[in-house]
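In what follows, a structure is listed as structure tokens, so that the remarks can point back to it.
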4 protein chains.
Amino acid sequence: MSHNTFGHLFRVTTFGESHGPAIGCIVDGCPPNIPLTADHIQAFLDKRRPGQSRFTTQRQEPDQVRIMSGVFEDERTGGPVTTGTPIMLMIENVDQRSKDYADIRDKFRPGHADFTYQAKYGVRDYKGGGRSSARETAARVAAGAIARKIVPGVTIRGALIQMGSHKIDRTNWDWTEVDRNPFFTPDARAAKSFEEYLDGIRKSGSSCGAVIEVTASGVPAGWGAPIYAKLDQELAAAMMSINAVKGVEIGAGFASAALSGEQNADEIRMHHGKPEFLSNHAGGILGGISTGQDIVVRFAVKPTSSILSTRKTVTSGGEETDVMTKGRHDPCVGIRAVPVGEAMMAIVLADQFLRHRGQVG
Amino acid sequence: MSHNTFGHLFRVTTFGESHGPAIGCIVDGCPPNIPLTADHIQAFLDKRRPGQSRFTTQRQEPDQVRIMSGVFEDERTGGPVTTGTPIMLMIENVDQRSKDYADIRDKFRPGHADFTYQAKYGVRDYKGGGRSSARETAARVAAGAIARKIVPGVTIRGALIQMGSHKIDRTNWDWTEVDRNPFFTPDARAAKSFEEYLDGIRKSGSSCGAVIEVTASGVPAGWGAPIYAKLDQELAAAMMSINAVKGVEIGAGFASAALSGEQNADEIRMHHGKPEFLSNHAGGILGGISTGQDIVVRFAVKPTSSILSTRKTVTSGGEETDVMTKGRHDPCVGIRAVPVGEAMMAIVLADQFLRHRGQVG
Amino acid sequence: MSHNTFGHLFRVTTFGESHGPAIGCIVDGCPPNIPLTADHIQAFLDKRRPGQSRFTTQRQEPDQVRIMSGVFEDERTGGPVTTGTPIMLMIENVDQRSKDYADIRDKFRPGHADFTYQAKYGVRDYKGGGRSSARETAARVAAGAIARKIVPGVTIRGALIQMGSHKIDRTNWDWTEVDRNPFFTPDARAAKSFEEYLDGIRKSGSSCGAVIEVTASGVPAGWGAPIYAKLDQELAAAMMSINAVKGVEIGAGFASAALSGEQNADEIRMHHGKPEFLSNHAGGILGGISTGQDIVVRFAVKPTSSILSTRKTVTSGGEETDVMTKGRHDPCVGIRAVPVGEAMMAIVLADQFLRHRGQVG
Amino acid sequence: MSHNTFGHLFRVTTFGESHGPAIGCIVDGCPPNIPLTADHIQAFLDKRRPGQSRFTTQRQEPDQVRIMSGVFEDERTGGPVTTGTPIMLMIENVDQRSKDYADIRDKFRPGHADFTYQAKYGVRDYKGGGRSSARETAARVAAGAIARKIVPGVTIRGALIQMGSHKIDRTNWDWTEVDRNPFFTPDARAAKSFEEYLDGIRKSGSSCGAVIEVTASGVPAGWGAPIYAKLDQELAAAMMSINAVKGVEIGAGFASAALSGEQNADEIRMHHGKPEFLSNHAGGILGGISTGQDIVVRFAVKPTSSILSTRKTVTSGGEETDVMTKGRHDPCVGIRAVPVGEAMMAIVLADQFLRHRGQVG
């Protein structure tokens, strides 16, 4: 977790800008002998890929991933496998529209990282947001596809549970619905209303935020580590590192502040010879270590900063002016954050699993 | 941020259990020539120290800190200063009540880390919670006192803004109130109602949660770093690593999901020759880098798991039973989380400042 | 320095196998606003490139580097500069001869990493040595070219000072000679005898070792850090990480064991108002921190393991057999280790400089 | 391996100055359930303890270690065991002679770190060398005692093989001799001549260097990791981080430069159903990964810089002067480097073993 690397034993280092030749990552520390093809990774990238419905940016990026190292196919054994050496994944940028960037070259778009990159580095790649573009998250999704293979008994699923101020009805929750609507939402009814709502947002050139929930089932008790490698801490770091995320919570989260100690403490009984919790306010984590229950994390995504309204800003030269973000954008960037959140969950779990195995065996 | 170390250039490694001989930390990477005495650190520890009101645990710990290394006093120059070498801070445990631990030795207290430590390590120090005790946070507060000295122009302040379901009225916010009530709350009126509320909780042997807000003023634009060393990411990790914290948010946080893009994007004007934002939904961070506005982070603390009610649980041998946590405890552990949150803010900022200076000069 | 990453603030993560599609690296933590083009990097790669004389492997690799991210050219300011974001450098593999690998697929070549990779991972890319090939060092040289730009007042030079058992005469040392012979040796006379000697080695299908010396002039006093980030420690790690290196020494090195305390302690006088050492047995480093004198490191490279003689070995199936390494190889791989050693010196110094600036300002 | 921390999964962070109240370390990442008492650690510290013969410094330090955290004794199970949490080890300084430091406060002793610490930090603890004192190595030895417990099948042994210019006769090598003479040398005859030689050195107030060899037997094939976590790389870093070490080599080391490829490549045969190497020029490491043979590392220790002769130096004010180091010192600091080298070997192996288990299982 330093600059452009996430993880300790399972490490993901990403590179690339929105309008450079390519983006991608090096995945280091992957165990050997895991079957791996580009197709496996591609399936996850396709979920995040833009331009699949009218509700995401119309930028056309095939997001075709190539595995440049770290796998080997011995003709006798059939099928490429990981070798334990670094896996470089590369996705070439294709649809960098050659538009005129003069407008945003010198103006700081409110809500974007334009101002802060300039303040920090004294230079910035202003084309398409450069390094601060959400395109970087494609590399996370690719790495996450590998991470999933390291924790084979674990099922990781994400869902959009709030769009703008509209929340789903959790009693309608149906995981199979998630893949049936363009919002990755598990509530079929909500999906309908989201459609109408987001069409309105889209047409008015505005944007809205979202809340995403990601769960991991099948994580055994014992992953995670006190004190500064807590599972919830690393999940918080992982999710907060995603573009536009402004809040993260585990289990009951912020609502736990309003619970009594009696309500909050998940009681334990035996079930089929194993301890079982009667509730999961803890979100599957106690003392930074997994309990064996579902890991539950939620995060809030702010509304896309790219909007068609004119906003007050200043130029890099210090003059007051207005700016409007023309061009393609996601009216609700939270939608495509669902596969990204899943990927980050997978990466955290893979890394924690390997470290746990290292220390405890 | 690995196991028991937090930070990169400014690194804090903590040690110690609740009922061992001592707790403390090694602070590594501190710049040299900073005046430092135990008294300076003690002032912050005294804020966190238990037993100062009837609203915190009655364990009597003087929490007297000793500086064991890393400072030097040259008799000619007057006053001890840091030397750039590791500073070991030690706080001896004094009030380890010699009670009978038989009850919790074999029973997993719901909401505690008993079960997960046992699951992970196959052994646990069950006395007073061992390593998972909130006593560890004293070491953070001590390290935070040093961290503050590294970012001298920055003012870091924390406040309790919600207790149970009772929120303060933000229009009453007065920072000077924070030190006048035992709850570190900036709303004098709320302090009164908290008193009554918490007395009820305390007498019934129950507990309640809280929400804490920590702000840092005076942070220049440009601290923090994409992509996996984002300032908000590290603050999320820092706060989530505190015992009992279940949620973290930056600026508008979860509420930002319900804002429109127009509402959320903080507009910019010039003020006294410098860019100034007209609002601060971003909480002082864009793209993971500080904007120059106040850094604003909030975190939710779950209700203390130690309560006097009997709860269902199981033994380490797999038998169903009940457990009740006798003895001293904080009815609202969120109160003492205020100085801890401030300390973690200071540690994150000190580390980010040094890394920024390293890369950019 | 974990698995495939070297460095802390200036971090180099390499990827790629000898016969995969490409090799390269991500350079993270580079300061912004440094002019950087592929041509600058190429100049250093060309020094390391194979096939330039009859004394290195005849594999024909243009080693053409592409900068895939981390630089930006603003048409107004002229010339691409670093942006502070990760720089991905890629070198495509071109001359992967499609020979039959059947012979070494199942046989462990003595002196190679075949046996240990198989033992560790249970799988290995046996084509051209896979990840253990010296081709990986091209990525180091590329990263080193960037590192040099971070320490502009520092001059880093390497030289071959011993080939087989033949040592140069240090009184003949002339840095300008280094670029005039195919051995990077500073002794013109030795170059002549090396030529004859190595021709003999080459024709007989044998190989020989070498000793390389790398110096850095212009390093100010104060870089490096106790206790486990010592400048000499990191140089030792850097050089020992190069393929085939079996020994590293600083300054007087192993010879210092035979010196008396009087001989070894470099005395100090004033010179032009600055402290100056009267000798440099320390190799420019005391207590892990630079003294301001030349940094001097030497390392020993073992003879290339690929030789035309038949050697006893076993198969992966556990049968005794013989093996002979056919095909192209370097008779003295130490020659091409010179630019690699320079690159590692540059990387260590750049990283230490940034960390020093971080802690001390 | 950053500033005062060594290791990745098994991490040792040391603290303390020569004349401060205490020195010690935090050992983090230790597996749980390992029996551990202070007595076990003390046995190794006693080997390194000064004042045991006339050939080491006469400073009287009992070097009594206390375990301050990370172990737990459950009265039912008998005997304290590690809990997987950080183990803090503390050794109080006892014999800080209250001498007058005026002489070295302002003078830089040639060969010491005085000058470089001052240049780096602008301040230094000049009492007894402060942080740069070899007293820090006691913490390493203590940590090494724990590390040995993590790799139980491995035997780690060190020996002094050269004192000044006097080398042992390797045909006399007898490990049992090592504990029978005050020099940790395996050659009984050499021990005799060392005695006479060192008495001369000691009486004349001079000092001499040494070469130490440390071996580890029983390391299975497969520990270590390409490319920047090579076993030999980390051993080089470990040994070079020890005070006064100026050179490190693995296996044939520098001598390998003069071997032919035929001589150097260790051939392999089957032995009792397992591959066995017919020689060990590789020192048990190929491609950075262990071969299953003995790991062999040697390092050179320069002569102690503290000598009774007057040497030319300058003051911190820039005036030329002379300095003589009065007081207690080791005439051959290499002697006490033997247990330190063993400890560093143990620490590297423990860390590599845990990381190997993490990645490969």
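The values are calculated or read from the model by the stated rules, or taken from the named source; none is laboratory data. Everything numeric here is computed off the predicted structure, so don't read it as measured data. Ideal geometry is used to build each Cβ from the backbone, glycine not excepted, and the neighbour counts take in all protein chains shown. Areas reflect the complete protein model, heavy atoms only, side chains present, ligands, DNA and RNA absent. Shrake-Rupley method; radii C 1.70, N 1.55, O 1.52, S 1.80 Å.
When accessible surface is computed with a 1.4 Å probe, chains C and D are found to bury approximately 8500 Å² between them, both chains counted.
Averaging 1/r over every pair of different alpha carbons in the range D:5-98 and inverting the result gives a Kirkwood radius of 14.6 Å. The residues of the protein assembly as shown present an accessible area of 30 Å² per residue when probed at 1.4 Å with all protein chains retained.
The spacing between the range D:304-354 and the range C:18-75, judged by their C-alpha centroids, is 41 Å. For residue A:46, inter-copy separations between label points set 7 Å beyond Cα along the Cβ vector come to 4.6, 6.6, 7.0 nm, shortest first. Against chain D, whose longest principal axis is taken from its Cα atoms, helix D:38-48 shows a tilt of about 60°. A convex hull fitted around the alpha carbon atoms of the range A:69-217 yields 196 Å³ per residue.
Mean partner shielding of peptide A:88-95, defined as the number of other chain Cβ atoms within 10 Å of each residue Cβ, is 3. Working value for the range D:41-86: equivalent-ellipsoid semi-axes of 32, 10, 8 Å, each the square root of 5 times a Cα gyration tensor eigenvalue, largest first.
Using the average count of surrounding beta-carbon atoms within 10 Å as a protection proxy, the listed peptides B:195-208, C:331-344, C:169-182 rank, highest first, as C:331-344, B:195-208, C:169-182.
Take every pair of alpha-carbon atoms less than 8 Å apart whose residues are at least six positions apart; their mean separation over the length of the range C:1-128 yields a relative contact order of 25 percent.
The fraction of accessible area contributed by carbon and sulfur in the range C:6-69 is 53 percent, rounded to a whole number (1.4 Å probe; ligands and nucleic acids excluded). When +1 charges are put on Lys and Arg Cβ atoms and -1 charges on Asp and Glu Cβ atoms, the dipole computed for the range A:61-185 relative to its Cα centre reaches about 440 debye. Counted by Cβ distance under 13 Å from residue B:196, the other residues give a net charge of +3, where Lys and Arg count +1 and Asp and Glu count -1.
Which angle from 0 to 90°, rounded to the nearest 10, does the C-alpha axis of helix D:188-203 make with the longest principal axis of chain D? Relative to chain D, helix D:188-203 is tipped by roughly 20 degrees. Shown for the range D:81-170: the carbon plus sulfur share of the solvent-accessible area, taken with all protein chains present and a 1.4 angstrom probe, equals 44%.
Shown here are the Rg and Dmax of the Cα trace of the range D:231-272, at 14.3, 43 Å. Distances between copies at residue B:60, taken between label points 7 Å from Cα along the C-beta direction, are 3.9, 7.9, 8.8 nm in increasing order. Averaged over peptide C:17-26, the number of partner chain Cβ atoms lying within 10 Å of each residue's Cβ comes to 5.
The alpha carbon centroids of the range B:183-221 and the range A:268-287 are separated by 30 Å. Relative contact order of the range B:238-361, please, whole-number percent, based on alpha carbon pairs below 8 angstrom and at least 6 residues apart. Relative CO of the range B:238-361 lands at 23 percent.
Closest approach of a chain A Cβ to the axis relating A and D (residue, whole Å): A:358, 1. Burial annotation for the range C:263-283: residues with an accessible-area loss of at least 50 Å² between the isolated chain and the complete set of protein chains, computed on heavy atoms with a 1.4 Å probe, are C:265, C:267, C:268, C:269, C:270. With the convex hull constructed from alpha-carbon coordinates only, the range A:162-235 shows a mean projected area of 6.9 nm² over all directions.
The accessible-area loss of the range A:157-195 on complex formation, taken against its chain alone with a 1.4 Å probe, reaches 10 Å² or more at A:162, A:164, A:165. Charge dipole of the protein assembly as shown (Cα centre as origin; +1 on each Lys and Arg Cβ, -1 on each Asp and Glu Cβ, all else neutral): 0 debye, rounded to the nearest 20.
Per residue, the convex hull around the alpha carbon atoms of the range B:1-160 comes to 141 Å³. For chain D, the relative contact order comes to 22 percent (Cα pairs under 8 Å, sequence separation of at least 6). Across the range D:255-361, Cα-Cα pairs more than 21 Å apart make up 63 percent of the total. Along Cα-to-Cβ, 7 Å out, sits the label point; list in nm, shortest first, how far the one on residue D:361 is from those in the other copies. For residue D:361, the other copies' label points sit at 1.7, 5.0, 5.3 nm, shortest first. Using the Kirkwood radius over Cα pairs, work out the Stokes-Einstein diffusion coefficient for the protein assembly as shown at 25 °C and 0.890 mPa s, in µm²/s as a whole number. Here the translational diffusion coefficient equals 75 µm²/s. Each principal axis of the Cα cloud of chain B was taken in turn, and the coordinate range along them, longest first, works out to 67, 57, 38 Å. Within the accessible area of the range B:291-361, what % is carbon and sulfur when the probe is 1.4 Å and the other protein chains stay in place? Result for the range B:291-361: 45 percent of the exposed heavy-atom area is carbon or sulfur.
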